[in-house]
Amino acid sequence: MLSPENHLQQGDALLVVDVQKDFCPRGKLPIPRGDEVVTVLNPWIAAAAGRGIPVFLSRDWHPAGHPSFQDAGGPWPVHCVQDTPGAEWHPQLLIPDTVEVVTKGTRYDQDQNSAFDQTGLAEKLRRDGVQRLWVAGLALDVCVLATVRDGCREGFEVRVLVDGCRPVTEEGGEKALDAMRQAGAVLIE
Ligand code: VGL
Ligand code: ZN
């Protein structure tokens, strides 16, 4: 069993991607077994917060009529609309007092799948002295993939907690893992 206490160290940060109600069963864009990541990730969140390692939670936070929505010509059903219940965190997700929220997907003109895309996250991590970034969440083959790629490109040592991710499709998930390896991320299975 992979224990967070033995892996997290100073200079690390934990980034949990989009663990929101709409991406879980009964949500508007449900990812199969998306809710299962919560029990995997809570011990990592607790361990990080307990030892002063920064915990970032990203959220998909779209305005109504967002270009990624099908009714606006995009690929996805309406999801994670700002200030709606579906955009809330999964109710069991551990939110430490020290949490840093990264908001993305707010633009009227384009989607932002990556938590690094025009959020200032890379600068913030560098300012905090972060070298190594642990990443997990939803969806493995969409926003986690885009975030991991950008994290590698920005020069962080990226570790992906594979158990703490779920894909939209199994095939997409397998391809995403390959692409992450190619990008230089270390997959922790
Ligand atoms: C996501 C589809 C649309 C994600 C966000 O968080 O992976 N997927 N918007
Ligand atoms: Zn979205």
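For region 22-40, how many residues meet the condition of being open to solvent by less than 10 Å² (accessible area, probe 1.4 Å) and away from ligand 2 (no atom under 16 Å from the Cβ)?
Qualifying residue count, region 22-40: 2.
In region 148-189, what residues are surrounded by fewer than 21 Cβ atoms within 10 Å (Cβ to Cβ), closer than 24 Å to residue 123 by Cβ and β-branched (Val, Ile, Thr)?
186
Before we move on, is residue 122 open to solvent by less than 50 Å² (accessible area, probe 1.4 Å), more than 18 Å from residue 24 (Cα to Cα), modelled with pLDDT of 95 or more and more than 15 Å from ligand 1 (Cβ to nearest atom)?
Answer is yes for this residue.
Can you tell me which residue within region 65-85, out of those that are away from ligand 2 (no atom under 11 Å from the Cβ) and under 21 Å from residue 102 (Cβ atoms), is most open to solvent (accessible area, probe 1.4 Å)? Explain how you work it out, then say what you get.
Narrowing region 65-85 to residues away from ligand 2 (no atom under 11 Å from the Cβ): 65, 70-73, 82-85.
When the remaining residues are screened for being under 21 Å from residue 102 (Cβ atoms), the result is 82-85.
Details: 82: 62, 83: 134, 84: 43, 85: 85 Å².
Result: 83.
Can you confirm whether region 41-64 contains a residue that is under 19 Å from residue 140 (Cα atoms), of a type in the set (Ser, Thr, Tyr) and open to solvent by 60 Å² or more (accessible area, probe 1.4 Å)?
Among the residues of region 41-64, not one is under 19 Å from residue 140 (Cα atoms), of a type in the set (Ser, Thr, Tyr) and open to solvent by 60 Å² or more (accessible area, probe 1.4 Å), which makes the answer no.
Can you find, within region 88-143, the residue that is farthest from residue 7 (Cα to Cα) among those that are among the polar types (S, T, N, Q), within 14 Å of ligand 2 (Cβ to nearest atom) and over 15 Å from the mean Cα position of the chain (by Cα)?
110
Say whether the condition of being part of a loop (DSSP other than H, G, I, E, B), within 14 Å of ligand 1 (Cβ to nearest atom), open to solvent by 70 Å² or more (accessible area, probe 1.4 Å) and not acidic (Asp, Glu) is met by at least one residue in region 89-100.
The answer is no, given that none of the residues of region 89-100 is part of a loop (DSSP other than H, G, I, E, B), within 14 Å of ligand 1 (Cβ to nearest atom), open to solvent by 70 Å² or more (accessible area, probe 1.4 Å) and not acidic (Asp, Glu).
Please go through (1) open to solvent by less than 20 Å² (accessible area, probe 1.4 Å); (2) farther than 15 Å from residue 14 by Cβ; (3) in contact with a helix residue (DSSP H, G or I) (Cβ under 8 Å, 6 or more places away or on another chain) for residue 143 and return the number of the only condition it doesn't satisfy.
So residue 143 meets the others, but not (3).
The values are calculated or read from the model by the stated rules, or taken from the named source; none is laboratory data. Predicted, not measured: the structure shown is a model, and the values here were computed from it. Using ideal geometry, Cβ is built from the backbone for each residue, glycine included, and neighbour counts are taken over all protein chains shown. To get the accessible areas, we keep the full protein, side chains included, count just its heavy atoms, and leave off ligands, DNA and RNA. Shrake-Rupley method; radii C 1.70, N 1.55, O 1.52, S 1.80 Å.
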